[in-house]
Structure formats: C-alpha cells, structure tokens
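The values are calculated or read from the model by the stated rules, or taken from the named source; none is laboratory data. All of these numbers come straight from a predicted model, not from anything done at the bench. All Cβ positions, glycine included, derive from the backbone under ideal geometry; neighbour counts span all protein chains shown. Just so you know, the surface numbers come from the protein's heavy atoms only, side chains and all, with ligands and any DNA or RNA stripped out. Shrake-Rupley method; radii C 1.70, N 1.55, O 1.52, S 1.80 Å.
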Amino acid sequence: MKQVLVAGVGIHAFGRFEGVTTTDLGVVAVRNALEESGTGRGGFQAAFCATAYGGVASGHKVLGRLGMTGMPIVDVEAGCASGGAALALAKSAIESGQIETALVFGVEKMPRGIIRSSFFEPWQEASGLASTPSYFALRAQRLMHISGVTKSHLAAVVVKNRRHGSLNPDAMFRSEVDAASVLASRVVCEPLHLWMLCSPNEGAAAVVLTAADPSPSRALPRVRLDAAVLRSHLPGAVLSESTPMSGLTNDDVPPPTTLAATAAYEAAGIGPESLDVVECQDTDAARELLSYEELGLCGPGGSAALIDEGATVLGGRLPVNPSGGLLSKGEPLGASALGQVVELVRQLQGRAAQRQVPDARVALSHTVGRGANASVVILSS
C-alpha cells in the first residue's frame, strides 16, 4: 500500500463567533491547509467533511464557496470521532491507489449548553437520561472507585490543560486556573464541577493528505500518517446507549478506545512506549484519565499516578493535550479530532511555539464519539 503523508494543515480558532456561518469557518481552515500544502484547484481528487450538526451537504457548501467542487465530497458523522473517521476514509482511498491526494476537513457550530444529540428521544432528555452530564459523572465515579482517582486529580487535569491552553492562540479559554477555583466552580453532576466539563462551541480544521513526496524545496518537515483507525463498542456487555447507565459492565470486554488503539499500534508497528506526545479526549476531566488507561499509556488503575508524577504536563515524560485539550479549546464536534491532528503535525514539525514538546517524533490523537465510536490516529516524522 502507498505511504500517506500530511501535506498541509489549517485551522479556524475554536470559540464562539456571532454572525459567522459554518461554511465561513470551513473556508478559513481549508484555505489555510491548501495554501500550506501548495495544493491548488484540481490538486485533490476527493474531499471528506466531518460534521455532526452542520446539516446536509456541509462539505459541498464549503468547497462550493471556493469553487472547488466536481470531485467526490463525502460528509462523515461519528459524533466526536467524526474527524478521525473522515481521516480513516481518506487514508484508505490513498493507500488503495484510488486517489493521490485528499482534503479532509471538519466544521461545526454547536448549540450552547450541554451537548445534545438526536440519538436520544425527547422524553429521555426531559427525564435527565441523556448521556451528558449524568453518564460522564457515573463514569467518573466508577474511575474513582477502581483507579483511586480523587477530585484533586480531576482538578489537576483541568489546571494542566488550561495552562497548556493559555499558550495556544486557537483555544477558546486562554487563562490559567488553580485547583481551588476549579473545585469552587458549581457542581454540575457529582463529582464533576462546571470547569471539569468542556464547552461545546464552534470551529473548523483541515488536513491535506497525499501519497506524493513533498517537493525538496518544501520548508516544512515531512509527517507520515501511520494509522487512522475507527472502532465501535462490542455488543453483549453494553447496556442501552440511551441511558446514563450505558457502558461496559464486564471489564473483560475491551472498550472501543482500546480496540482502536490496539489496531492503530499494530498498523504503525509501535507500542504506547514509543509515543512522544498525545492529544486525547477530555470531554470531561475524568475522560482524559480514563483515556490514559484505555490507550495503554499506563496500566489499569494507573492514571492517578501519571498525574501525581507530573508525567503528562509539558516538560513531563509524555505530555498530553499540549494544545490545551477540549477543556481549553472547547469542542466543535466535527472539527475536534482534526484540530488534534493539526496540533500534532505542528508538534512533529517543531512549530508549536511555547507548547513545543522537544524532539517529538511520534504522536497519537484520540477521540470518542457518543460513547460508541473511538478513533485513534498515529503520526510520525
């Protein structure tokens, strides 16, 4: 199969932008990625647009505005993992020889407040049975029970990510916070306080993938897309996704994140010990800690120890979410996974400014969508 390279990336800052449409956001990110890659009109043979709330033909609207239609344009939805799913489709198309170059982008303008989803019936939302925030809270409580995580660990994740986010000009929240302030924010659903939950918002991100080696005159270092994997939850030991009790009831059944990570490590020919930097799902602070365990960054029950030893801060042995994560950037669902990839490409190219992880060579991104989908992407330089 052909090797897949990242030719260029682009992003529209994440936040709230009154009077700016989803299409406007996408145009900025796509233009930036195309310019960075040197890709002009006719330079890509397929486009994949990740979005959950964008509506019909979101990708067509963005490329129509740019006068770049004619090729296949596919909208992809997999909740928060939409961008990872779109990237996996594009990678497969290039590897198989169907196309030489693909444009992958994600766009979103999220409703304000707790993430809503048509996955749930109206009566379930009215009864408090939607997945947020009750499911997040129950998941956090279980992690506290089995892994020794405390509220102090949850607050430490927020402090870490907000410190990283203060260095990221594309983040929504750019001020540092302390643990006392995090724990003083109102309780949304025990044990999660308001500042422990990410903010749904607006933004866009784009990536150009190609099988062609970049020009020798290209100034940016070469980045390879080694794996892009999407997996769903296994049946049998999962209660209904439409209740706050949804989730694995049997620890012997691997969750979708572990399934995706195992496949991605195999495809890339590495293990978690090879990673230099990670961007992982932090929809809430407990989700980041659970991700450490499910991705194999530590053993079962080892997530609290990683926080205690400072392993995942910038300057630690394995920095996690140097972009600030969703807790700093906010989460525009269709753009969030690709926003992680933009950050990691810049890390691998040594152009992440104050957030730079020294000598980063192997990077992993991870998103979970609706609790049922997980994507894992591995990049290297």
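Does at least one position in the range 223-233 carry a residue that is at pLDDT below 70, part of a loop (DSSP other than H, G, I, E, B), of a type outside the set (D, E, K, R) and open to solvent by 50 Å² or more (accessible area, probe 1.4 Å)? No, there is no match, as no residue in the range 223-233 is at pLDDT below 70, part of a loop (DSSP other than H, G, I, E, B), of a type outside the set (D, E, K, R) and open to solvent by 50 Å² or more (accessible area, probe 1.4 Å).
Per-residue answers, yes or no, for (1) outside the structural domain of Gly334 (by TED's automatic domain parsing); (2) assigned to a helix (DSSP H, G or I); (3) in contact (Cβ under 8 Å) with a residue 40 or more places away in the chain; (4) open to solvent by less than 10 Å² (accessible area, probe 1.4 Å):
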{"position": "Val158", "(1), (2), (3), (4)": "no, yes, yes, yes"}
{"position": "Asn161", "(1), (2), (3), (4)": "no, yes, yes, yes"}
{"position": "Asp170", "(1), (2), (3), (4)": "no, no, yes, no"}
{"position": "Phe173", "(1), (2), (3), (4)": "no, no, yes, no"}
{"position": "Ser181", "(1), (2), (3), (4)": "no, yes, no, no"}
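Only one of the numbered conditions (1) without any contact (Cβ under 8 Å) to a residue 40 or more places away in the chain; (2) open to solvent by less than 10 Å² (accessible area, probe 1.4 Å); (3) of a type outside the set (Phe, Trp, Tyr) is violated by Gly339, and that is (1). Residue count for the range 129-156 under the criterion of being part of a loop (DSSP other than H, G, I, E, B) and under 19 Å from Asp308 (Cα atoms): the result is 3. Of all residues in the range 308-320, those being open to solvent by less than 40 Å² (accessible area, probe 1.4 Å) and not hydrophobic (A, V, I, L, M, F, W, C) number 4. Only strands (runs of 3 or more DSSP E) whose full extent lies in the range 1-111 are considered here, and the ones with at least 1 residues that are closer than 25 Å to Gln349 by Cβ, open to solvent by less than 20 Å² (accessible area, probe 1.4 Å) and aliphatic (A, V, I, L, M) are 5-15, 46-50, 101-109. Restricting to the range 264-296, give me the number of residues that are part of a helix (DSSP H, G or I) and open to solvent by less than 10 Å² (accessible area, probe 1.4 Å). Residues flagged as part of a helix (DSSP H, G or I) and open to solvent by less than 10 Å² (accessible area, probe 1.4 Å) within the range 264-296 amount to 7.
Going by the conditions given, is Ala261 among the small types (Gly, Ala, Ser), farther than 25 Å from Pro191 by Cα and either at pLDDT 95 or above or open to solvent by less than 50 Å² (accessible area, probe 1.4 Å) (or both)? Against the criterion (among the small types (Gly, Ala, Ser), farther than 25 Å from Pro191 by Cα and either at pLDDT 95 or above or open to solvent by less than 50 Å² (accessible area, probe 1.4 Å) (or both)), Ala261 qualifies.
Within the range 297-307, the residues that satisfy the criterion of being in contact (Cβ under 8 Å) with a residue 40 or more places away in the chain and either open to solvent by less than 20 Å² (accessible area, probe 1.4 Å) or not aliphatic (A, V, I, L, M) (or both) are Pro300, Gly301, Gly302, Ser303, Ala304. Could you check how many residues of the range 358-379 are open to solvent by 10 Å² or more (accessible area, probe 1.4 Å) and either in contact (Cβ under 8 Å) with a residue 24 or more places away in the chain or charged (D, E, K, R) (or both)? Going through the range 358-379 one residue at a time, the tally reaches 8. Just to be sure before I move on: is Ala126 of a type in the set (A, V, I, L, M, F, W, C) and either in contact (Cβ under 8 Å) with a residue 12 or more places away in the chain or touching a Lys or Arg at 6+ places or on another chain (Cβ under 9 Å) (or both) in the structure I sent? In short, no.
Is it fair to say Val376 is within 17 Å of Cys198 (Cα to Cα), under 15 Å from the mean Cα position of the chain (by Cα), not assigned by TED's automatic domain parsing to the domain that holds Ala88 and not in a helix (DSSP H, G or I)? Considered against the rule, which asks whether it is within 17 Å of Cys198 (Cα to Cα), under 15 Å from the mean Cα position of the chain (by Cα), not assigned by TED's automatic domain parsing to the domain that holds Ala88 and not in a helix (DSSP H, G or I), Val376 comes out as no.
Restricting the first member to the range 95-113 and to residues that are closer than 22 Å to Glu77 by Cβ, and the second to residues that are aromatic (Phe, Trp, Tyr) and open to solvent by 40 Å² or more (accessible area, probe 1.4 Å), the beta-carbon pairs closer than 9 Å and six or more apart or on different chains are Glu108/Tyr53; Lys109/Phe17; Lys109/Tyr53; Met110/Tyr53; Pro111/Tyr53.
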